[in-house]
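> I have a structure I would like to understand better, so I am pasting it below and will then ask my questions one at a time.
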Ligand code: KG4
Ligand code: ZN
């Protein structure tokens, strides 16, 4: 069995092929970072146009790398939400057309379920598990009790963690996207604790990152920290220290909520997925907590944390194997919550 996955929900044009045992036969990702860099963020209209220009070539490459032809594909899975509507529509229309022309079964996949499924592509995940989904658009906790059974335990009340990284980096003149830049600049430093872990007054597990982001803004203003627009290796110590403190507060917050969820639900495993799961400090601290608590922690490899289509194909594989199908009238759902 070979399932084709397509992902175009934001600024990555991605196509992958997985087999019936979840082996990744190919996983091609074309990043648009270079296009959006000059605007300091994703420009939706440019992103959807670029998906349209690239998707055919990325499909050809994914098939070639998988050593497969379109005739050998058994099903098509496409991200149908959440995401930028114009971007979603490109992948969805393309996937539906392929399915129609070749008479293949088709399913629309939730992008967040895809991120969670990426953990299973990395390692076995013993259930019940707590999933921390942490990306540029989302920061949520889910309890997974069955193959496709999830309960959302927390969400962010304002910014997503990746969004906070990107905004703080922009404020300090650092390169886009901000998350990886801050990760590099903070590497190996002992962070000075400057920003606390926000608590929800109602005691909920929800996240909030706008307070930390605003605290950085006030610090920059009060201490007259000048943004650094020059080469990254010339970044001043003051900025390196500041981003290390910011990152520590974000990581503290993510760990605090995750552990509370694990305790509340008696979870057997923790999985951390989404673009921010690439972060080295988060990986190091979370893995240390796992050892301390005796809870296995699954972090997909970076290529499966960031947006990719293998995770979408893997959800598709599950659904198609259960005989589930979506009609070719399926529409994009930019706000699809699970
Ligand atoms: O999952 P993803 O590729 O796209 C979304 O679905 O949002 O996540 C992108 C986000 C961006 O905000 C980016 O700055 C952040 O993930 N990110 C990181 C790192 N790598 C990517 N944040 C912190 N540290 C990193 N190493
Ligand atoms: Zn994502």
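Any read-out appearing in this document is the output of simple, stated calculations on the displayed coordinates, not a laboratory observation. None of these values were measured; they are calculated from a predicted model. Cβ atoms come from the backbone with ideal geometry, glycine included; neighbour counts cover every protein chain shown.
> If you line up the long axis of helix 85-102 against the longest principal axis of the chain, both from Cα atoms, how many degrees apart are they, to the nearest 10?
20
> Between residue 157 and residue 223, what FRET efficiency comes out of the Förster formula 1/(1 + (r/R0)^6) with R0 = 35 Å and r the beta carbon distance, rounded to 0.05?
Numbers: r = 28 Å, r/R0 = 0.79.
So the FRET efficiency works out to roughly 0.80.
> Let me ask something additional. Using a 10 angstrom cutoff on alpha carbons, build the Gaussian network for the chain and name the most mobile of 186, 123, 16.
Taking springs between Cα atoms under 10 Å, the residue moving most is 123.
> Take the Cα coordinates of the range 127-295, assign each an equal point scatterer, and use the Debye formula without solvent to give log10 I(q)/I(0) at q = 0.11, 0.14, 0.20, 0.21 Å⁻¹.
For the range 127-295 at q = 0.11, 0.14, 0.20, 0.21 Å⁻¹, log10 I(q)/I(0) is -0.44, -0.70, -1.30, -1.41.
> Cut-off is 10 Å between beta-carbons; in what order do 79, 139 appear when sorted fewest neighbours first?
Ascending Cβ contact count within 10 Å gives the list 139, 79.
> Considering only DSSP beta bridges whose two residues both sit in the range 127-295, what percent are antiparallel, to the nearest 5?
The answer is about 65 percent antiparallel.
> Find the Cα radius of gyration of the chain, compare it with 2.2 N^0.38 Å by division, and give the number to two decimals.
In units of the 2.2 N^0.38 Å rule of thumb, it is 1.00.
> Could you tell me how far the Cα centroid of the range 161-223 sits from the Cα centroid of the range 25-43, in Å?
Centre-to-centre distance over Cα atoms comes out at 23 Å.
> Could the peptides 331-337, 6-12, 203-209 be put in order, highest first, of the mean number of other beta-carbon atoms found within 10 Å of their residues?
Result, highest mean Cβ count within 10 Å first: 6-12, 203-209, 331-337.
> Sticking with this one: Using alpha carbons only, how many degrees (0 to 90, rounded to 10) separate the axis of helix 210-222 from the longest principal axis of the chain?
For helix 210-222, the angle is close to 40 degrees.
> Out of all DSSP beta bridges in the chain, what portion is antiparallel? Express it as a percent rounded to 5.
60
> Oh, and also: Kirkwood Rh and Cα-based Rg: tell me the resulting Rg over Rh for the range 74-218, rounded to two decimals.
Radius of gyration relative to Kirkwood radius: 1.05.
> How big is the range 201-306 on each of its three principal axes, counting only the C-alpha atoms and giving the largest first in Å?
Result for the range 201-306: principal-axis Cα extents of 46, 36, 23 Å.
> Find how much the distance from residue 200 to residue 49 grows on full extension, using 0.36 nm per residue of separation minus their present alpha carbon separation; answer in nm with one decimal. Write out the running numbers ahead of the final one.
Details: separation 151, 0.36 × 151 = 54.36 nm, distance 4.05 nm.
In short, 50.3 nm is gained.
> For the chain, find the longest principal axis of its Cα atoms and tell me its angle to the long axis of helix 310-321, 0 to 90°, nearest 10.
Approximately 40 degrees, to the nearest ten.
> Okay, moving on. Using Cβ contacts closer than 10 Å as the measure, can you line up 258, 329, 156, 238 from fewest to most?
Exposure proxy ranking, most exposed first: 329, 238, 156, 258.
> Given labels modelled 7 Å from the Cα in the Cβ direction, how far is it in nm from residue 256 to residue 72?
Simple spin-label model gives 5.2 nm for this pair.
> Which order results if 212, 55, 3 are arranged by neighbouring Cβ count within 10 Å, fewest first?
Least to most surrounded, the residues fall as 55, 212, 3.
> Further, regarding this structure: Classify the range 15-128 as rounded, prolate or oblate from the Cα gyration tensor: take a ≥ b ≥ c as the square roots of its eigenvalues, call it rounded if a/c is under 1.5, otherwise prolate when a/b beats b/c and oblate if not.
Verdict is oblate for the range 15-128.
> Describe numerically, in nm with one decimal, the distance between label points set 7 Å from Cα along Cα→Cβ at residue 126 and at residue 321.
2.1
> Would you mind getting me the FRET efficiency between residue 97 and residue 31? Use the beta-carbon distance for r and R0 = 22 Å, nearest 0.05. Let's see the in-between values first.
Numbers: r = 24 Å, r/R0 = 1.10.
The formula returns an efficiency of 0.35 here.
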